[in-house]
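What follows is a single structure, written as structure tokens, with notes after it.
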Amino acid sequence: MSDQIYSPSNAFSEKALVSSMNDYRNLYNNSIKYPEAFWAEVADRITWTKKWDNVRDFDFVKGQIKWYEGGKLNVSYNCLDRHVEDGHGNQTALIWEGNNPEEDETYTFNELLHEVQKFANVLKGLGVEKGDRVCMYMQMIPQLPVAMLACARIGAVHSIVFGAFSAESLRDRINDSSCKILITQDTGVRGTKLNIPMKSNADKAVAETPSIQHVVVVQRTGESVDMTEGRDTWWHESMASADAVCKPVEMDAEDPLFILYTSGSTGQPKGVLHTTGGYLVYTSYTHEKIFDYKEGDIYWCTADIGWITGHSYIVYGPLANRATTVMFEGVPNFPDYGRFWDVVDKHKINQFYTAPTALRALMKEGNDHVTSRDLSSLRLLGSVGEPIKEPEWKWYHEIIGKGTCPIVDTWWQTETGGIMLTPLPGATPLKPGSATFPYFGIEPVLLTEEGQEIDGNNVAGLLAIKTSWPGQMRTIYGDHDRFIQTYFAMYPGYYFTGDGARRDKDGYYWITGRVDDVLNVSGHRIGTAEVEGSIGKAIGVAEAAVVGFQHVIKGQGIYAYVTLMTGVDESDDIKASILASVTKEIGPHSKPDVIQFTPALPKTRSGKIMRRILRKIAENELDSMGDISTLADPSIVQKLIKTRPAI
Ligand code: WTA
């Protein structure tokens, strides 16, 4: 880690929304000292049909969190109608860049509102009512944000399942929250893949989801797909006859807006539930200040809407702020490794927000792909999803940002709804690799394993948050007890993040990574327990243990230790069937990078797998194995070391 500090340029600071550390500190201190007054003022940035009675009410022991109780609003009204009413209907709201560089579309606020109202009526026509769950299993096509906003308009709760998930994963997520409708597309295109079988996966899932009444299918590629009469309808056909006016439903601040599943350290994925008022206030406020978003800017977040970053910082935050937001269907290396920079050049992007894994993949291809494009529109760069390490930070800063664009390294989680630790681009002197300081209203603390707060600087511990913020998740859908157990029970009185962090001598926060059994592979959260379960379903497998290891592009790779049933021999066929099983059960993004067969796993005498040892071997840190005397059979360690495959 570097001691070098990169201060914002005067030119940037002078025009920035927060332009000095003094301003940051004053506002921050104020937000912590007078939270209710502070958050009441911030909430005025959106339009309420009725003001709240109570700004906040939370109890981190019972896991009860409420913001702006009694307030009434509609998210789709805030993202669309109010901008049209203010005379900005002809401003571009959404730019869609297709996988094929020759394909793009733009939607003004008028046009987006028109589509959203019509689709809201389609949903109503299919029997969707306030509170019903609507699942979306789509690639990055404009109908996805239209469907999200249409749900928000009528008070339906969307649950988006990332398009790379398998039919089984989709089925489980639909069943967990009993979705009534599924929206999907015929097939999908991404990079050189021109035929991703979305509808046929959806059909497999829906065969085992009793709650689904209808499937709406967007015609993206025109590939022929099976349509089940009475159940399936084409998007374009229902839209053609839909009424163009649909009044927004008045929602309570605490009515659910969406569910988004995320992996935890154990068992089934959790349905993270976000509500209406606080979430919109928080995403809109963070989006504006952290990206220094100003009227007329063209803002691009490269994330997939199937993850929280896309929900908060492609759709809700930007549109609430009347930003022009870009969504991209493709991948960074198609048609070549300069695609991101082509898009920046083509749409004159001002703020660019991506993940370190993409930067690493692009960096290794050299600078010619960058220098051949005009990136002069860029004013600010952002990073999210995993720690950004110094080499890619510097490359981002020098080669992409030409040394003049501040980089906001934003730390947050599906659970937090919005960004929690971040620089403010016109104020914060940057240290490469540090997410720097808390955003307004956020009180991070470092805890010891026993739950004691660690004061002072130059310390490390478990990252927790001391008080609630408006974007915080409210529950795990259908399992409030699991919500309490996962986030509050271990350290009563705090929200526990699952991450470790360091606070350096200057008070800067550095995220050191997950302290639980959650991996971060290419910025995707993957629960080791889920991967182990899916390996275990392959024929011939007796047991599996999965850990992470450092991977040059992905950040973390997946390393699986597998024991086979007696009489089953190690073979490439077994390996292939393990990979196939993971792809089928979860999706291709969770496939192990390394599979090591072993006659046994290192276990304690009580039968607990010692993952610490497995991590060391995966990382090839063989000199620092630590104490292995508590193992039931210590000799297994040498066997594992001897048979470790070269990576
Ligand atoms: C990690 C993504 C370091 C972290 C928004 C967190 C980061 C998990 C950063 C959440 C960052 C996210 N620096 N680590 N800037 N941003 N993480 O729920 O481990 O997909 O707990 O949300 O990603 O992943 P999730």
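For segment 354-377, the criterion of being within 30 Å of Ala253 (Cα to Cα) and not aromatic (Phe, Trp, Tyr) is met by none of the residues. If you go through segment 488-502 one residue at a time, do you hit one that is open to solvent by 40 Å² or more (accessible area, probe 1.4 Å), within 16 Å of the ligand (Cβ to nearest atom) and under 30 Å from Ser7 (Cβ atoms)? Yes; the residues of segment 488-502 include at least one that is open to solvent by 40 Å² or more (accessible area, probe 1.4 Å), within 16 Å of the ligand (Cβ to nearest atom) and under 30 Å from Ser7 (Cβ atoms). Taking the criterion of being touching a residue at least 24 places away in the same chain (Cβ under 8 Å), more than 17 Å from Thr528 (Cα to Cα), within 37 Å of the chain's Cα centre (by Cα) and open to solvent by less than 60 Å² (accessible area, probe 1.4 Å), the only residue of segment 608-638 that qualifies is Val637. Within segment 300-327, how many residues are part of a helix (DSSP H, G or I) and either charged (D, E, K, R) or more than 15 Å from Cys79 (Cβ to Cβ) (or both)? Adding up the residues that qualify gives 2.
Considering segment 414-437, the residues that are open to solvent by 10 Å² or more (accessible area, probe 1.4 Å) and under 21 Å from the mean Cα position of the chain (by Cα) include one that is farthest from the ligand (Cβ to nearest atom), namely Phe437. Residue pairs whose Cβ atoms lie under 6 Å apart, separated by 6 or more positions or on different chains, with the first residue in segment 160-172 and of a type in the set (D, E, K, R) and the second open to solvent by less than 30 Å² (accessible area, probe 1.4 Å) and modelled with pLDDT of 95 or more, are Arg171/Ala205; Arg171/Thr209.
Checked against (1) closer than 24 Å to His551 by Cα; (2) open to solvent by 30 Å² or more (accessible area, probe 1.4 Å); (3) touching a residue at least 24 places away in the same chain (Cβ under 8 Å); (4) more than 15 Å from the ligand (Cβ to nearest atom), Gly330 passes all but condition (2). Give segment 550-572 a look and list any residue that's within 16 Å of the ligand (Cβ to nearest atom) and open to solvent by less than 30 Å² (accessible area, probe 1.4 Å), or say none. Residues satisfying the conditions are Gly555, Gly557, Ile558. Can you find, within segment 378-413, the residue that is farthest from the ligand (Cβ to nearest atom) among those that are open to solvent by less than 20 Å² (accessible area, probe 1.4 Å) and of a type in the set (Gly, Ala, Ser)? Ranking the qualifying residues of segment 378-413, first place goes to Gly401. Among residues of segment 271-299 being open to solvent by 10 Å² or more (accessible area, probe 1.4 Å) and assigned to a strand (DSSP E or B), the one that is nearest to Cys405 (Cα to Cα) is Ile298. Might you let me know whether segment 96-118 holds any residue that is of a type in the set (Val, Ile, Thr) and open to solvent by 10 Å² or more (accessible area, probe 1.4 Å)? Within segment 96-118, one or more residues are of a type in the set (Val, Ile, Thr) and open to solvent by 10 Å² or more (accessible area, probe 1.4 Å). Looking only at residues of segment 509-523 that are over 16 Å from Tyr559 (Cβ atoms) and either modelled with pLDDT of 95 or more or in a strand (DSSP E or B) (or both), we find that the one that is nearest to the ligand (Cβ to nearest atom) is Ile511. Each residue in segment 524-549 was checked for being small (Gly, Ala, Ser), in a strand (DSSP E or B) and away from the ligand (no atom under 16 Å from the Cβ), and 3 of them qualify. A residue that is within 12 Å of the ligand (Cβ to nearest atom), surrounded by fewer than 22 Cβ atoms within 10 Å (Cβ to Cβ) and either without any contact (Cβ under 8 Å) to a residue 12 or more places away in the chain or not in a loop (DSSP other than H, G, I, E, B) (or both) occurs somewhere in segment 250-268.
For (1) surrounded by fewer than 16 Cβ atoms within 10 Å (Cβ to Cβ); (2) more than 30 Å from Asn458 (Cα to Cα), each residue gets a yes or a no:
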residue	(1), (2)
Ser7	yes, no
Asn10	yes, no
Arg25	yes, no
Ser31	no, no
Tyr34	yes, no
Ala43	no, yes
Val61	yes, no
Trp67	no, yes
Leu73	no, yes
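Summed over segment 489-508, residues that are without any contact (Cβ under 8 Å) to a residue 24 or more places away in the chain and assigned to a strand (DSSP E or B) total 0. Return the residues of segment 610-636 that are in contact with a Pro (Cβ under 7 Å, 6 or more places away or on another chain) and either farther than 13 Å from Phe597 by Cα or assigned to a loop (DSSP other than H, G, I, E, B) (or both); say none if nothing qualifies. Answer for segment 610-636, where residues must be in contact with a Pro (Cβ under 7 Å, 6 or more places away or on another chain) and either farther than 13 Å from Phe597 by Cα or assigned to a loop (DSSP other than H, G, I, E, B) (or both): Met610, Ile613, Ile628, Leu631.
The values are calculated or read from the model by the stated rules, or taken from the named source; none is laboratory data. Bear in mind the structure is a predicted one, so any value in this text is a computation, not a measurement. Every residue, glycine as well, gets a Cβ built from its backbone with ideal geometry; the counts of neighbours run over all protein chains shown. Side chains are part of the model used for accessible areas, which takes the heavy atoms of the whole protein and leaves out ligands, DNA and RNA. Shrake-Rupley method; radii C 1.70, N 1.55, O 1.52, S 1.80 Å.
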